[in-house]
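Data first, discussion second: the structure below is written as structure tokens.
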Amino acid sequence: MVAVAPFHPRAADRPYLMEVCPAVSLRALALPHRGYKGRTAYAQATREQILRGLQGLGVTLSPALSATVIAQPGGDALDSIVAAVTAWLVTMRNPPPSNLPAEASREGWIYVPEPPFSLARRR
């Protein structure tokens, strides 16, 4: 069984799932959050810029995977990396924020990374 934020408390013995919005996460990380989807040279350059920004946080991808992410026009590959990074940053706050509005218990919550931004394990 999994725990789904914010409906269940985080538990060490089960996966913890959370909703994220890649564009909102990118904006919070001060990275381009618009214009990265599409086949234009601008969109591809924007994906490359985002990937460099994520690498600056500690994301390490092989050159082949980086090329695939940059070349993928729909942005889905990049969105999945942003979602994983967001989940890592939020869960490393230990625990994720619990002082959410009452609506969150009915509707859910989109989790966003908050500073400091680092993929290094916090102790």
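The values are calculated or read from the model by the stated rules, or taken from the named source; none is laboratory data. Just so it is clear, the model here is predicted, and its values are computed rather than measured. A quick note on method: Cβ atoms are made from the backbone with ideal geometry, for glycine too, and the neighbour counts reach across all protein chains shown.
Computed values, structure above
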read-out: Selection from region 1-34 of residues that are in a loop (DSSP other than H, G, I, E, B) and surrounded by 14 or more Cβ atoms within 10 Å (Cβ to Cβ); value: Ala5, Pro6, Arg10, Met18, Val20, Cys21, Leu29, Leu31, Pro32, His33
read-out: Number of the exception - Ala87 against (1) surrounded by 12 or more Cβ atoms within 10 Å (Cβ to Cβ); (2) farther than 21 Å from Phe7 by Cβ; value: (2)
read-out: Positions within region 53-77 being surrounded by 14 or more Cβ atoms within 10 Å (Cβ to Cβ), assigned to a loop (DSSP other than H, G, I, E, B) and polar (S, T, N, Q), in sequence order; value: Gln72
read-out: Failed item, numbered, when Tyr16 is tested on (1) touching a residue at least 24 places away in the same chain (Cβ under 8 Å); (2) closer than 18 Å to Ser118 by Cα; value: (2)
read-out: Filter pass, Leu26 being at pLDDT below 95, touching a helix residue (DSSP H, G or I) at 6+ places or on another chain (Cβ under 9 Å) and within 21 Å of Pro113 (Cα to Cα); value: no
read-out: For Val2: the one exception among (1) more than 23 Å from Gly108 (Cα to Cα); (2) over 12 Å from the mean Cα position of the chain (by Cα); value: (1)
read-out: Considering residues of region 35-52 that are outside any helix (DSSP H, G or I) and of a type in the set (Ser, Thr, Tyr) only, the residue nearest to Pro116 (Cα to Cα); value: Tyr36
